[in-house]
Amino acid sequence: MTFFFTGTASGIPVADRRHASLVLRYGEACVLFDAGEGVSASLITQGLDLSCISAIFISHTHCDHVAGLPLLLQGMHLAGRKTPLDIHVPPGRQEWFRRWFEGLYIFEEKWSFPFRMHCLGESVAPVDGLEITPVPNRHLEKVRALAERYGIRADSFSFRIDGPSGTAVVSSDIAVLDDIASSVADADLLIVDATHVSPSEIIDLAKQQSGLRVVCTHIPPELDAASAIATRSGGTVTVAFDGLQIDLDQER
């Protein structure tokens, strides 16, 4: 299992990072986690064919995690993709995504490939030998009451990935580290949100759990400028950048 960091910025636009996206390559298949602005260009920059993506998992619907999705679909269509694409989205948002696509003239009748919408919930195996488990977190708890007034659910997810190479946890955006505590206890790799959790907490977790490789992503400008977390952690924490690749087979 190889992870390609295709978007490591926080929600604040910066010059040298694209917004939240991460690719897992397993064999010949690729799975995309989130699709922030710039994901298509980042995939091409890293030598990944857009059509290699077999499934997309959306953690939540903040714009820095979904804004690049329509252009990614358009790029696949213009390249003549024929194989179906599975898109896994938070509960209650399937119809919202469909209406959004239709508003952008992404009509299934004219598209070169079918896209199948799924609701995040139980574990799924998008590729034989790979199991992805959505883990609910509390990132959207602060907007839940207001979202309900607008008739919108406020669900947000992290992901646990189990495969022959080991176990990885992708936190996406979280409220506190406790959101992923049970999932990360026996993991080999943690890719963790560095905007909503303090560097000190991340460093403490890395030092407490021997054998866990910790990589910070969703990098806010102040952390990017300081780059202090890697130094303070004594090398136990890596600060991700667009273009970073981690092969879990080589990590073990």
field: Between helix 94-103 and the chain: long-axis angle, C-alpha atoms, 0 to 90°, nearest 10
entry: 60 degrees
query: Farthest toward the dipole's positive end in the chain, which of 85, 106, 145, given Cβ charges of +1 (Lys, Arg) and -1 (Asp, Glu) about the Cα centre?
result: 106
statement: Expressed as a percent, the portion of alpha-carbon pairs in the stretch 48-133 spaced more than 15 Å apart is 59 percent
message: Helix 69-78 against the longest principal axis of the chain: what's the angle in degrees, Cα atoms only, rounded to the nearest 10?
response: 50 degrees
- request: For residue 88, list long-range residues whose amide hydrogen, built 1.01 Å from N in the peptide plane, is under 5 Å from its own amide hydrogen.
  value: 56, 57, 58, 118
query: Where is the GNM fluctuation largest for the chain (alpha-carbon springs, 10 angstrom cutoff): 31, 214, 143?
result: 143
message: Which of 118, 60 has the fewest other C-beta atoms within 10 Å, and how do the rest follow up to the most?
response: 118, 60
- prompt: Among 25, 17, 232, which comes first, second and so on when ranked by fewest other beta-carbon atoms within 10 Å?
  reply: 232, 25, 17
message: List the residues, sorted by chain then number, that are 5 or more residues from residue 190 or on another chain and whose placed amide H is less than 5 Å from its amide H.
response: 169, 213, 214, 215
query: Roughly how many debye, to the nearest 20, is the charge dipole of the stretch 2-251 about its Cα centre, given +1 on each Lys and Arg Cβ, -1 on each Asp and Glu Cβ, and no other charges?
result: 560 debye
message: Below 8 Å between Cα atoms, with a sequence gap of 6+, how large is the relative contact order for the stretch 155-222 in percent?
response: 28 percent
- prompt: How far is the Cα center of the stretch 127-164 from the Cα center of the stretch 1-71, in Å?
  reply: 17 Å
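Once you keep just the Cα pairs under 8 angstrom separated by 6 or more residues, what percentage relative contact order results for the chain?
19 percent
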Cut-off under 5 Å, modelled amide H: who pairs with residue 244 long-range: 5
- prompt: Taking a Cβ-Cβ separation under 4.7 Å as the criterion for a possible partner, which cysteines of the chain have none?
  reply: 63, 119, 216
- request: Could you run the Karplus curve 6.51 cos²θ - 1.76 cosθ + 1.60 with θ = phi - 60° over the stretch 147-153 and give me ³J(HN,Hα) per residue in whole Hz, x for Gly and Pro?
  value: 4, 5, 4, 8, x, 10, 6
task: State, as an integer percentage, the relative contact order of the stretch 50-151 based on alpha-carbon contacts under 8 Å between residues 6 or more apart.
output: 26 percent
- prompt: Once the principal axes of the Cα atoms of the chain are found, what is the range along each, listed largest first in whole angstroms?
  reply: 54, 44, 37
- prompt: Out of 176, 192, 164, whose Cα points farthest toward the positive end of the dipole of the stretch 105-252 (charges: +1 Lys, Arg; -1 Asp, Glu; placed on Cβ)?
  reply: 176
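Just so you know, all these numbers are worked out from the coordinates, no wet-lab data involved. No experiment lies behind these values; they were computed from the predicted model shown. All Cβ positions, glycine included, derive from the backbone under ideal geometry; neighbour counts span all protein chains shown.
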